[in-house]
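Down below is the structure, laid out as structure tokens.
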Amino acid sequence: MHEMSVALAVVDQVETAARARAAHGVESIRLEVGELAGIVADALHFCFGLACAGTLVEGAELITHQVPGTARCSPCARDWETGMPPRLLCPGCGTAAVELVSGRELRIREVRWTDPTRAVAPAPAPEPVPAVDPALVPPPATAPPSEPLTEESRSCAE
């Protein structure tokens, strides 16, 4: 599973950039992943979570954008999406003399750094709850034993 080595490389590169700019953390990382790069997105996301543990990147969101594979025919200059599995014969003239134009990318497109000046406001202190006289509280409503509870009788908390 080479997704782990890819995830480790991404974390390493982002940490290096973070140290160079004295960043305090990372909010998100946007990757371009080519359709023909052989990367399984779900496996990469899983490995990324493991690779981030204990690093400056821990807690960052990984956003992947799949770049479609495209090819160009050398004789007729036609471009087409290759799809998966890749179709490498020109749909126009049938030749196999093609050049892959896109789809092999694996590129860090954007890193969003945490903003140290944007402090999270502390939650306001809860207001004291006034004491309630138990004699004023009505008994809870219950359905008669012979009637089953229905959807309408569920509480909002469920």
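Taking H as built 1.01 Å from N, whose amide H comes closer than 5 Å to the amide H of ARG109, not counting residues under 5 places away?
ARG30, LEU31, GLU32
Peptides 106-114, 84-92, 64-72: what's the order by average Cβ count within 10 Å, highest mean first?
Result, highest mean first: 64-72, 106-114, 84-92.
Quick check on segment 1-107: of the DSSP beta bridges with both residues there, what percent are antiparallel, nearest 5%?
Values: 9 of 16 bridges.
The antiparallel proportion sits near 55 percent.
For segment 1-53, compute the orientation-averaged projected area of the C-alpha convex hull (one quarter of its surface), in nm². Could the numbers behind the result be given before it?
Values: hull surface 15.3 nm².
Taking the Cα atoms of segment 1-53, their convex hull projects to 3.8 nm² on average.
Across segment 1-96, how large is the tail of the calculated P(r) beyond 18 Å, expressed as a percent of all Cα pairs?
55
Local charge sum around ARG21 (other residues, Cβ-Cβ under 13 Å, Lys/Arg +1, Asp/Glu -1)? If you can, show how the numbers build up before the last one.
Values: positive: ARG19, ARG112; negative: GLU15, ASP115.
Taking every other residue near ARG21 into account, the sum is 0.
Report the FRET efficiency, 1/(1 + (r/R0)^6), for VAL101 and HIS65, where r is their Cβ-Cβ distance and R0 is 25 Å, rounded to 0.05.
Once rounded, the FRET efficiency stands at 0.90.
What FRET efficiency comes out for THR114 versus MET84 if R0 is 41 angstrom and r is the Cβ-Cβ distance? Round to the nearest 0.05. Show your work: numbers first, answer last.
Details: r = 36 Å, r/R0 = 0.88.
Once rounded, the FRET efficiency stands at 0.70.
Coordinate-derived values only; no laboratory data. It should be emphasised that the depicted structure is a prediction, and the values quoted were computed from it without experimental measurement. Neighbour counts run over all protein chains shown; Cβ positions are idealised from the backbone, glycine included.
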